[in-house]
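No lab work stands behind these numbers, since they all come straight from the coordinates. Everything numeric in this text was worked out from a predicted model, so none of it was measured. Heads up, the Cβs are rebuilt from the backbone with ideal geometry, glycines too, and the neighbour counts pull from every protein chain shown.
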């Protein structure tokens, strides 16, 4: 990779490098982004997109692999780390994040050229275009959510709870969990309203605001002020009843 490419990494290229560290080298996502120069120089919007993309990949990579392999004549082996990862990230963007196909294909092909050469970039292009040709039938072609579970766990849960219950458990598990924030009584009503607006949150019980987190907690407003903390709302209910 030449110096110019190193200096001008796109958000998706940074996401690819982070995914390789998470999926193939078993590094912790939080540790990676905390120490990543490339991630930390991104603006807030790009950080949020990368955060959402990697988290969705972690939840749905088995589903994505199962799907794009339908379009690969000989299958894509997991040990082919760059080819496999480029296709996972592209598939996640197209199907679950609903990103514009042109942007996804263009970036995926460019990544393939950088890391695995022109021949493999043509394979990436062909697989993704075949997938897009079937877009109207994706609902029937995409594997069920349950296939994101390890095979041994899927068998164990199905035997214990039944297929219907397992499907419901996994469906809920695929949704990004909400974040419950307890605000200090030191914050007045105006400050709470401002904070709620900044994080696009909803006040669900007194002093608890729920939001969807698409970035690191440290980037939330007033993180360093010590006037709010993370605590699941379920643990707040007994306290409020006392």
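Summary of computed values
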quantity	calculated
Ranking of 229, 138 by count of other Cβ atoms within 10 Å, fewest first	229, 138
Estimated 222 nm signal from helices in the chain, with DSSP H stretches of n ≥ 4 weighted -39500 (n - 2.57), rounded to 500	-18500 deg cm²/dmol
Cα-based helix-to-principal-axis angle, 163-173 vs the chain, degrees rounded to 10	70 degrees
Order of 19, 228 under a 10 Å beta carbon neighbour criterion, fewest first	228, 19
D_trans [Stokes-Einstein, Kirkwood Rh over alpha-carbon pairs] for the stretch 18-59, 37 °C, 0.692 mPa s, µm² s⁻¹	313 µm²/s
Likely footprinting exposure, 91, 56, fewest C-beta neighbours within 10 Å first	56, 91
For Cα extents along the principal axes in Å, calculated from these coordinates, the label among [x] 79, 44, 32; [y] 52, 49, 35; [z] 64, 53, 34	[z]
